[in-house]
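The values are calculated or read from the model by the stated rules, or taken from the named source; none is laboratory data. Predicted model, so just to flag it, every value in this text is computed and none were measured. Cβ: placed from backbone, ideal geometry, glycine included. Neighbour counts: every protein chain shown. Accessible surface is based on the protein model in full, side chains and every heavy atom, while ligands, DNA and RNA are left aside. Shrake-Rupley method; radii C 1.70, N 1.55, O 1.52, S 1.80 Å.
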Amino acid sequence: MGRLTVRVPATTANLGPGYDSFGLALDLHNIFHAELAHEWHVEVHGEGARDLPADESNPVARAMSRAFEQAGRPELAARLVCENGIPTGRGLGSSAAAIVGGLLLGTALAGATPDTDALVGLATQIEGHPDNVAAAILGGFTISALEQGQPLARAVPVGAGLALVLVISSEPFGTRRSRELLPESVSHADAVFNAGHAAMLAAGLITGRSELIAAGLHDRLHEQYRSHAL
């Protein structure tokens, strides 16, 4: 098999009250090229080129190795070139893009056929939560949940006439750090508040009604705790 290329979108997740549940694919991408080789060779260009490892510990290569193992071909290695357009550590799903891109390339290079639900499941195992990886795989606006430890994810249409404006921080703010700021529990009132506002936000995105989106973006689960660290 010759060289394969995949293009994976950036994603924004949580989306106000949709913590670990809502995801949205963006028109910003990482492009990964790979072909089978006798040993690992990794190049990284663009965003994160100075920080991301250029060997088999690269997150794309690690995901490819996981796919090779899943396909029963753990001995495989590849030549990988990463052309990164997604800023790292800025909440735009760079890690999810690496995982999804690596799984797609590894599955194909191992001669297996990607299954969407299985891909979402494996990507969630690696990432730890389904919101970003689901949007990277399915595209558009995605709603996901864990059912008995297994992710359920579906893409729903976004209403016409909507546009997304990104404000990207000059400093990184990684997922691990942001999760460490959250409390172990929240009040019943805050949980009810978020359930209602998450439903409102989803309705606004699907119908394209900006007043519902504006009302639905309020959150009490994570934003107030993270805002002090920014």
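What the table below lists for this structure:
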item	result
Out of Arg7, Arg50, Arg66, Arg90, sole residue that is in a strand (DSSP E or B) and of a type in the set (Lys, Arg)	Arg7
Every residue from segment 74-100 that is in contact with a Pro (Cβ under 9 Å, 6 or more places away or on another chain) and of a type outside the set (A, V, I, L, M)	Pro87, Thr88, Gly89, Arg90, Gly93, Ser94, Ser95
Matching residues, segment 208-222, being surrounded by fewer than 15 Cβ atoms within 10 Å (Cβ to Cβ) and either at pLDDT 95 or above or in a helix (DSSP H, G or I) (or both)	Ser210, Glu211, Ala214
Inter-residue pairs, beta-carbon under 8 Å, first surrounded by fewer than 14 Cβ atoms within 10 Å (Cβ to Cβ) and in segment 49-62, second modelled with pLDDT under 95, 6+ apart	Asp51/Thr88
Residue under evaluation Ala98, criteria (1) of a type in the set (Gly, Ala, Ser); (2) assigned to a helix (DSSP H, G or I); (3) out of contact with any helix residue (DSSP H, G or I) (no Cβ under 7 Å at 6 or more places or on another chain), criterion not met	(3)
First in segment 86-111 and over 18 Å from Gly46 (Cα atoms), second anywhere and of a type in the set (Ser, Thr, Tyr) and open to solvent by 10 Å² or more (accessible area, probe 1.4 Å), Cβ under 9 Å, 6 or more apart	Leu105/Thr5; Gly106/Ser65; Thr107/Thr113
Evaluation of Arg177 against (1) surrounded by 12 or more Cβ atoms within 10 Å (Cβ to Cβ); (2) at pLDDT 90 or above; (3) in a helix (DSSP H, G or I) (one fails), failing number	(2)
Among (1) surrounded by 19 or more Cβ atoms within 10 Å (Cβ to Cβ); (2) touching a His at 6+ places or on another chain (Cβ under 8 Å) - the single one Glu83 does not satisfy	(1)
Evaluation of Pro172 against (1) assigned to a helix (DSSP H, G or I); (2) out of contact with any helix residue (DSSP H, G or I) (no Cβ under 9 Å at 6 or more places or on another chain) (one fails), failing number	(1)
Residue count, segment 17-47 (criterion: buried (at least 20 other Cβ atoms within 10 Å of the Cβ) and not in a strand (DSSP E or B))	2
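Per-residue answers, yes or no, for (1) more than 30 Å from Leu36 (Cα to Cα); (2) open to solvent by less than 80 Å² (accessible area, probe 1.4 Å); (3) of a type in the set (A, V, I, L, M, F, W, C):
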{"position": "Gly111", "(1), (2), (3)": "no, yes, no"}
{"position": "Thr116", "(1), (2), (3)": "no, yes, no"}
{"position": "Leu122", "(1), (2), (3)": "no, yes, yes"}
{"position": "Ile126", "(1), (2), (3)": "no, yes, yes"}
{"position": "Leu146", "(1), (2), (3)": "yes, no, yes"}
{"position": "Gln150", "(1), (2), (3)": "yes, no, no"}
{"position": "Pro157", "(1), (2), (3)": "yes, no, no"}
{"position": "Ser185", "(1), (2), (3)": "yes, no, no"}
